[in-house]
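Throughout, read-outs are computed from the coordinates displayed, never taken from laboratory work. Just so we're clear, the structure is a prediction, and the values are computed from it rather than from any experiment. Neighbour counts run over all protein chains shown; Cβ positions are idealised from the backbone, glycine included.
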Amino acid sequence: MTPRFIVELMTRMVYTGRWEELVKDGQMEWIIYEQYLQHLVWYWSIFHSRPRHIRAMEPPLHTQLDPCTGTGRFLIVASQMMPKANLVLFGIEINPALYRSCLVNMALFSHHPYSIICADSLMLDGNKTGPSSKLWDYGNQWDPPDLSEFYVKPPAIDSKHFSLKAFVKE
């Protein structure tokens, strides 16, 4: 558990005076904004009301990813320190108990839209898990789904891909 004052210090160091520099590619802003709008439409179709935990935002949107989010402290502090910023939060946690704790904390304390997934951030395939991928549609579910389609899968071990001869000196 990182102490709050360290989390606040690190968040200030990352964000102070850099909003304009964070996202230089307008295409990335548009992709994130489209996902935000899709979430609003999905929420309306299920609950027949607007989400009360998310305020209306306009581009440019900025993102924060915490690859080992734990209980969500870094995401929550960023949300609380910049409540009016156009910020979308993403988190990855491998431990199901911490993942669920993070979902509860985000629902209680976050002022921004978020997607938290239960996965191994070190094994995720970078080609399949970008901000426009469907991976983030699986977020925020109490019983996390199987995300194995997004993991890096090493090739099968056979004589063409792996050989012990390189490791054994005769």
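Couple of notes before you dig in:
- Hits in the stretch 77-99 (condition: small (G, A, S), without any contact (Cβ under 8 Å) to a residue 24 or more places away in the chain and within 23 Å of L37 (Cβ to Cβ)): none
- Residues in the stretch 86-135 that are of a type in the set (D, E, K, R) and surrounded by fewer than 16 Cβ atoms within 10 Å (Cβ to Cβ): D120, D125, K128, K134.
- Unique residue being of a type in the set (S, T, N, Q) and under 21 Å from W42 (Cβ atoms) when the list is S121, S115, S101: S115
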